[in-house]
1. For region 52-81, what are the residues that are at pLDDT below 75, open to solvent by 30 Å² or more (accessible area, probe 1.4 Å), assigned to a helix (DSSP H, G or I) and farther than 28 Å from Asp182 by Cβ?
2. Do we find a residue being among the hydrophobic types (A, V, I, L, M, F, W, C), open to solvent by less than 40 Å² (accessible area, probe 1.4 Å), closer than 22 Å to Val82 by Cα and in contact with a Leu (Cβ under 9 Å, 6 or more places away or on another chain) anywhere in region 33-51?
3. Within region 204-218, is there a residue that is of a type in the set (Val, Ile, Thr), within 18 Å of Ala281 (Cα to Cα) and in a helix (DSSP H, G or I)?
4. Against the conditions (1) farther than 25 Å from Arg114 by Cα; (2) surrounded by 12 or more Cβ atoms within 10 Å (Cβ to Cβ), where does Val237 fall short? Just the number, please.
5. Condition first: closer than 30 Å to Thr203 by Cβ and touching a residue at least 12 places away in the same chain (Cβ under 8 Å). Can you find one or more residues in region 114-123 that meet it?
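The values are calculated or read from the model by the stated rules, or taken from the named source; none is laboratory data. Worth saying up front: this structure is predicted, and the values here are computed from it rather than measured. Neighbour counts are summed over all protein chains in view; Cβ atoms, including those assigned to glycine, are modelled from backbone coordinates with ideal geometry. Quick note on the areas: whole protein, heavy atoms, side chains included, nothing else; ligands and nucleic acids left out. Shrake-Rupley method; radii C 1.70, N 1.55, O 1.52, S 1.80 Å.
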Amino acid sequence: MIVVTGATGNIGRELVELLAGGGEEVMAVSRGERAGEGPAGVRWVRGGAGDAGSLRPALDGARALFLVLGGELNFRGEAPDVLVKAVVDAGVERIVLVSSQVAGTRPDASSHDRLREFEGAVRASGREFTVLRPAGFASNAFAWAESVRARRTVHAPFGEVALPVVDPADIAAVAAAALREDGHAGRVYELTGPELISPRRQTEVISAALGEEVGFVELSRAEAHAGMARFMPEQVVAGTLDVLGAPLPAEQRVGPDVEAVLHRPAAPFSAWVARHLPAFA
């Protein structure tokens, strides 16, 4: 059995589909309201990576665990070694952890301390582990969906700064490979899309897919900060804006790991838009 945390999230939802479609027994764990939806035969339990107690029943009989923190990065919760001890005690043999590209590129960034703590705990677990460090998600564009639907406009900062955003479906596919196949133990995969793409260019891609003009309004850093601070902790807002506005060379590098694991190119932003176009229509 494979346990998938964050099972209703952008990665987890895709991963549950992939694993169940491949004949795996899946236990899906989520705090989300959509828990229980998904392929027939998948079992569901409510819980999250920040609460070892909620995970213990799900881990009984599991051989592999997909671990993603998601919104639990916004609070301290239990210490990572508490969760990892529960995983080890349950006899789980393999752990795949979603971290972040920034955990590697900016080792002093306090916004990613929690992820680095989890990476360290997983490495010290004595179990097979794989760490996934994705770049920014293509699905972050969902934040623009309401304004595109209502006003055919995208509002975003740093309109010309291009980054190699990654399709969450590709993250899920790499995770599925690491959970099911040998040869990934001890690896750290940096997952990016196949191209650098700016917010202005992303807007053009959405516009072309809709067949209607979508305008782009560039926000100042202060304006973007005010909007993000409504749902993100201060240190996370500041760190995110640093990456979006002044990326390091390593954060603008198109990495080879998606293609190396999946034996196909990473999906471009346009492919993500095509699958999710109804959200913007």
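1. Scanning region 52-81 gives Gly71, Leu73, Asn74.
2. Restricting attention to region 33-51, the residues satisfying the condition of being among the hydrophobic types (A, V, I, L, M, F, W, C) are 35, 40, 42, 44-45, 49.
Checking the rest, the ones that are also open to solvent by less than 40 Å² (accessible area, probe 1.4 Å) come to 35, 42, 45, 49.
This time we only want the ones that are closer than 22 Å to Val82 by Cα, so: 45, 49.
Pick out the ones that are also in contact with a Leu (Cβ under 9 Å, 6 or more places away or on another chain) and you get 45, 49.
Yes; the residues of region 33-51 include at least one that is among the hydrophobic types (A, V, I, L, M, F, W, C), open to solvent by less than 40 Å² (accessible area, probe 1.4 Å), closer than 22 Å to Val82 by Cα and in contact with a Leu (Cβ under 9 Å, 6 or more places away or on another chain).
3. Of region 204-218, the ones of a type in the set (Val, Ile, Thr) are 205-206, 214, 217.
If we keep only those that are within 18 Å of Ala281 (Cα to Cα) too, we end up with 205-206, 214.
So of that shortlist, the ones also in a helix (DSSP H, G or I) come out as 205-206.
Among the residues of region 204-218, at least one is of a type in the set (Val, Ile, Thr), within 18 Å of Ala281 (Cα to Cα) and in a helix (DSSP H, G or I), which makes the answer yes.
4. For Val237, the exception is condition (1).
5. So far as region 114-123 goes, yes, one or more of its residues are closer than 30 Å to Thr203 by Cβ and touching a residue at least 12 places away in the same chain (Cβ under 8 Å).
Here is a yes/no grid of residues against (1) in contact with a His (Cβ under 9 Å, 6 or more places away or on another chain); (2) crowded, with 23+ Cβ neighbours inside 10 Å; (3) not charged (D, E, K, R):
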site	(1), (2), (3)
Ser139	yes, no, yes
Val154	no, yes, yes
Val161	no, no, yes
Ala173	no, no, yes
Ala177	yes, no, yes
